[in-house]
Amino acid sequence: MSSGARHLISRRTVLGGLGAAATSRYADGQPVADTRTAETSPDPVFSPSGPDAEFYGAADGFPVPSPAVAQVQGNPFHPKYRVGAFSHFDELFPTRPIKHADTPWMFKRGAADIHYSYGGKQSSIAEYLSRNPITGLLIAKDDRILVEHYQYGRTDRDRLLSQSMVKSIGRNADRHRRFGRRDKICR
């Protein structure tokens with residue numbers, strides 16, 4: 001695949017690539033990154049802000065609630081705590097560590113001009129990120145990371161909450177191994 005190849009993928013596939021998302025009501029979003037960087041860089045893109053950043057606690061550095069506040073509020077958290085809570089979930093609730101591989105497998109990187117269609121309108125990843133409060137977005141195909149973008153000051157070192165996304169990917173990968181199927185999420 002050439003580094004400038006353009007791919008059309010479904011909205012479902014784009015959403016399946018989400019690393020994490022802080023969900024809430026939406027207001028008018030502001031573009032958060034230069035389109036050329038977000039869409040064509042093979043390297044991770046880090047944005048210090050995101051749509052409605054003030055609503056999500058930017059003035060307070062995207063605070064993490066105390067474990068006591070987290071237990072009382074539960075999920076969904078008050079909007080000012082969502083970015084902080086969803087990137088520090090392991091500090092708020094019991095978690096189970098998973099041992100990493102002795103020799104990690106490394107993804108290759110390749111930039112791709114990815115667009116998706118929703119409601120009959122073509123959209124880009126940068127447009128999607130400018131409208132939605134996404135803390136981290138990773139899109140990979142086969143052995144290659146095509147898009148890696150973080151907003152609200154999050155980085156590739158943060159542990160982002162993925163909720164049921166990992167379960168869905170794992171189930172499809174397991175089906176592929178057992179039956180040789182390539183379900184939509186694996187394409």
Scope the stretch 58-91; condition in contact (Cβ under 8 Å) with a residue 24 or more places away in the chain, surrounded by 17 or more Cβ atoms within 10 Å (Cβ to Cβ), under 23 Å from LEU138 (Cβ atoms) and not aliphatic (A, V, I, L, M); matching residues: PHE62, ARG82, GLY84, PHE86, SER87, HIS88, PHE89
MET106: passes all of (1) touching a strand residue (DSSP E or B) at 6+ places or on another chain (Cβ under 6 Å); (2) loosely packed, with under 14 Cβ neighbours inside 10 Å but (1)
With the condition kept exactly as written, say whether any residue in the stretch 55-75 is within 19 Å of the chain's Cα centre (by Cα), under 21 Å from ILE125 (Cα atoms), at pLDDT 95 or above and not aromatic (Phe, Trp, Tyr). no
Here are some residues: PRO133, PRO48. Which one is under 16 Å from GLN151 (Cβ atoms), exposed (fewer than 15 other Cβ atoms within 10 Å of the Cβ), in contact (Cβ under 8 Å) with a residue 60 or more places away in the chain and out of contact with any Leu (no Cβ under 9 Å at 6 or more places or on another chain)? PRO48
So which pairs qualify, if the first residue must be in the stretch 94-115 and closer than 22 Å to ILE139 by Cβ and of a type in the set (Lys, Arg), the second must be part of a strand (DSSP E or B) and modelled with pLDDT of 85 or more, the Cβ gap must be under 9 Å, and the two must be at least 6 apart or on different chains? LYS108/ARG144; LYS108/ILE145; ARG109/ARG144; ARG109/ILE145; ARG109/LEU146; ARG109/GLU148
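The values are calculated or read from the model by the stated rules, or taken from the named source; none is laboratory data. Keep in mind the model is a prediction, meaning the values are calculated, not measured. Neighbour counts run over all protein chains shown; Cβ positions are idealised from the backbone, glycine included.
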